[in-house]
Amino acid sequence: MILLGSDHGGLALKESIKSLLEERGIEFEDCGTYSTDSVDYPDFGEKVARRVSNGEAEKGILFCGTGIGMSIIANKFIGVRAALATDLFTAQMAKEHNNANILVLGGRVLPEELARSMVAIWLDSPFDGGRHQKRLDKISQIEHELRRNNS
Ligand code: RB5
């Protein structure tokens, strides 16, 4: 199951990606926003990233104007690997090397067709594991050390 979230700057691209997921028969939940009214991206990034972090959902896709704000908020959550992808190569590497569980796209940056292809390649690419898993394990270790030291 894929959770989707956007602010007003990412709304149009979110709608397009919803139709892509429907065409592919992939289950998703739209966590908002649902109109073009101006909203704050952290509110919607949190809705998605918290549930990916706690294991309720395996993956998410977040959208804002640039993708930057959503990346910043999503990566605050333990276990979230949110990747701001800018082209096909970064979308593919986000899965193959980083095993990104949240893909972040900029609605004011990316042409719609490119963004749809980016989502497809991120979904379809396998995680390469091996040396890349070792690097992700280091990130997890640092996350847990930080959590221990802050509590
Ligand atoms: C909203 O105007 C804009 O700041 C937001 O969509 C995003 O680009 C933030 O990073």
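Values as computed for the structure displayed
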| quantity | calculated |
| --- | --- |
| Subset of segment 77-92 [within 14 Å of the ligand (Cβ to nearest atom) and either more than 11 Å from the chain's Cα centre (by Cα) or more than 21 Å from His132 (Cα to Cα) (or both)] | Thr86 |
| Residue selected from segment 57-75 under the condition part of a helix (DSSP H, G or I) and farther than 17 Å from Lys18 by Cβ, by the criterion farthest from the ligand (Cβ to nearest atom) | Ala74 |
| Within segment 93-117, considering residues that are within 15 Å of the ligand (Cβ to nearest atom) and not in a helix (DSSP H, G or I), the one surrounded by the fewest Cβ atoms within 10 Å (Cβ to Cβ) | Arg108 |
| Residue pairs meeting the criteria (Cβ under 9 Å; at least 6 apart or on separate chains; first in contact (Cβ under 8 Å) with a residue 60 or more places away in the chain and under 17 Å from Asp40 (Cβ atoms), in segment 59-86; second of a type in the set (A, V, I, L, M) and assigned to a strand (DSSP E or B)) | Met70/Leu62; Met70/Ala82; Met70/Leu84; Met70/Ile102; Met70/Val104; Met70/Leu105 |
| Selection from segment 34-56 of residues that are under 12 Å from the mean Cα position of the chain (by Cα) and either hydroxyl-bearing (Ser, Thr, Tyr) or part of a loop (DSSP other than H, G, I, E, B) (or both) | Ser53 |
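Conditions (1) at pLDDT below 95; (2) buried (at least 19 other Cβ atoms within 10 Å of the Cβ); (3) out of contact with any Gly (no Cβ under 6 Å at 6 or more places or on another chain); (4) over 21 Å from Glu113 (Cα atoms), marked per residue:
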position: Ser6; (1), (2), (3), (4): no, yes, yes, no
position: Ser16; (1), (2), (3), (4): no, no, yes, no
position: Ser19; (1), (2), (3), (4): no, no, yes, no
position: Thr33; (1), (2), (3), (4): no, yes, yes, yes
position: Asp37; (1), (2), (3), (4): no, no, yes, yes
position: Asp43; (1), (2), (3), (4): no, no, yes, yes
position: Glu58; (1), (2), (3), (4): no, no, yes, yes
position: Gly69; (1), (2), (3), (4): no, yes, yes, yes
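The values are calculated or read from the model by the stated rules, or taken from the named source; none is laboratory data. Because the structure is a prediction, the values reported are computed rather than measured. Glycine gets a Cβ as well: all are built from the backbone with ideal geometry, and neighbour counts include every protein chain shown.
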